[in-house]
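**Q** For reference, the structure I am asking about is given below.
Any read-out appearing in this document is the output of simple, stated calculations on the displayed coordinates, not a laboratory observation. Everything numeric here is computed off the predicted structure, so don't read it as measured data. Don't worry about glycine lacking a Cβ; one is built from the backbone with ideal geometry, like all the others, and counts go over all protein chains shown.
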Amino acid sequence: MTNPVTTTQHGGTIPAQPGPRDVTDAALARTGGSMEPRTGGTGAQASVIPGAGPAAPRPGERATLRLRETGDDEPARYAPEWLQLREPADAAARSYDLLDPLRIRLANLPGRADGLVIHDIGCGTGSMGRWLAPHLDGAQHWVLHDRDPYLLHFAAVASPRSAADGSHVTVETRRGDVARITADALSGASLVTASALLDVLTREEIGALAAACAGAGCPALLTLSVAGRVELTAPHPLDQEITEAFNAHQRRGDLLGPDAVTVAAEAFAEHGATVRLNPSPWRLGPGDEALIEQWLRGWVGAAVEERPDLTARADGYLTERLEACAAGELRVVVHHSDLLALCRPAGGAA
Ligand SMILES: C[S@@+](CC[C@H](N)C(=O)[O-])C[C@H]1O[C@@H](n2cnc3c(N)ncnc32)[C@H](O)[C@@H]1O
């Protein structure tokens with residue numbers, strides 16, 4: 001990753017979310033002036049994808065969680081409000097079964113007494129660190145990478161405070177693109193993590209990530225990749241068509257969408273890593289209305305963007321689903337996968 005920026009911080013909480021423009025100057029100051037100007041995110045052209053895909057608001061609909069316009073060539077940007085909304089569901093979904101094999105690998109690291117160095121790729125606002133740091137013993141230094149300096153700002157100010165055993169946790173942020181990550185950039189790393197990232201990457205980007213981790217002899221915990229399957233209760237005749245259109249949207253261009261986790265498992269295995277895959281579904285129901293609503297709007301919106309011929313039927317579908325959600329009658333399972341890759345230690349035995 002390029003352009004090391006930034007700050008070393010020692011714990012905090014996500015502040016009340018400022019609007020995109022409110023934070024620009026502060027974020028600019030913290031990121032060395034490298035952030036581009038932003039526009040507000042309520043226009044019909046806004047294309048920020050808060051996790052479930054870009055969707056233009058329909059007439060009369062509030063455009064939710066869109067951050068600002070992006071040009072055709074600009075990558076999608078994620079709204080911190082969306083990442084914050086999904087953080088508790090992500091934490092509940094993550095596969096705890098992968099933690100023990102990870103802890104065993106980390107316990108056997110040479111130089112472990114000096115603490116862990118953990119690189120979180122595509123960190124967004126830093127939710128992975130807030131979840132994982134308190135599950136690992138020992139001092140930790142987190143290096144938070146993202147291509148979006150606006151999100152790095154949030155990650156820096158809301159960093160995890162302490163490890164499972166009370167040891168100190170520090171963070172720094174680095175702006176850069178996963179496509180350019182190298183083994184050298186990960187030199188000295190104890191662990192690489194990513195969350196909700198793989199499915200928005202290309203085969204080349206995943207290959208670069210696997211090669212970098214393998215070259216550095218570093219394990220990787222890559223969580224919450226979309227699996228392309230959802231279950232809504234009660235079932236509806238349009239569920240399958242919307243799912244397929246959404247998945248096709250996820251695969252737009254060179255992006256891997258629901259194929260990403262398989263591609264990643266193969267890429268790490270080709271480098272000799274031992275790979276474990278575990279399910280990590282969101283299980284949403286009464287009490288999760290805000291998240292379900294935003295997820296539904298994004299999910300259906302992306303499906304319609306992919307298949308405009310679905311628009312009329314999807315409108316009725318969305319209305320029906322949102323009514324059930326508001327009444328506390330909708331349950332949703334959104335399937336994800338977590339991947340643990342135990343790469344061969346650099347220069348040592350597997
Ligand atoms: C869905 S968000 C997940 C954020 C965070 N990991 C979480 O779980 O809340 C995906 C994140 O990956 C970043 N990202 C996407 N593609 C990237 C790339 N090629 N290089 C670096 N960061 C990338 C985005 O800016 C965004 O912050």
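**Q** Length gain on complete extension for the stretch residue 187 to residue 240, per 0.36 nm per residue less the alpha carbon to alpha carbon distance? Could the numbers behind the result be given before it?
**A** Numbers: separation 53, 0.36 × 53 = 19.08 nm, distance 4.48 nm.
Here the answer is 14.6 nm.
**Q** Then there's this: Place the peptides 130-139, 95-104, 210-219 in order of packing, highest mean first, counting for every residue the other Cβ atoms within 10 Å and averaging per peptide. Spell out each step's value before the answer.
**A** Numbers: 130-139: 18.9, 95-104: 14.4, 210-219: 22.9.
Highest-to-lowest ranking by the protection proxy: 210-219, 130-139, 95-104.
**Q** To continue, here is another question. I'd like the FRET efficiency for residue 327 and residue 114, computed as 1/(1 + (r/R0)^6) with the beta carbon distance as r and R0 of 56 Å, rounded to 0.05.
**A** Details: r = 54 Å, r/R0 = 0.97.
Once the sixth-power term is evaluated, E becomes 0.55.
**Q** I need the shape label for the range 156-294. Rule: rounded when a/c is under 1.5, else prolate if a/b > b/c, else oblate, with a, b, c from the alpha carbon gyration tensor. It would help to have the intermediate numbers written out before the result.
**A** Numbers: a/c = 2.19, a/b = 1.39, b/c = 1.57.
Oblate, since a/c reaches 1.5 and b/c is not below a/b.
**Q** In addition: Among 192, 171, 333, which comes first, then next, by fewest other beta-carbon atoms within 10 Å? Could you put the intermediate results ahead of the total?
**A** Details: 192 25, 171 28, 333 15.
Result, fewest neighbours first: 333, 192, 171.
**Q** How would the range 80-189 be classified by its alpha-carbon gyration tensor: rounded, prolate or oblate, with rounded meaning a/c under 1.5 and the a/b versus b/c comparison settling the rest? The partial results should precede the final answer.
**A** On the way: a/c = 1.64, a/b = 1.20, b/c = 1.37.
The shape class here is oblate.
**Q** So for the pair residue 269, residue 97, with labels modelled 7 Å out along Cα→Cβ, what separation do we get in nm?
**A** Calculated label separation equals 1.7 nm.
**Q** Taking H placed 1.01 Å from N in the peptide plane, check which residues at least 5 places from residue 346 or on another chain put their amide H under 5 Å from its amide H.
**A** Those lying under 5 Å, H to H, from residue 346 are 217.
**Q** What shape does the range 177-236 have by the C-alpha gyration tensor, where a ≥ b ≥ c are the square roots of the eigenvalues, rounded means a/c under 1.5, and otherwise prolate means a/b greater than b/c and oblate the rest? Before the final figure, lay out each step's value.
**A** On the way: a/c = 4.13, a/b = 2.47, b/c = 1.67.
It is prolate, given that a/c is not under 1.5 and a/b is the larger ratio.
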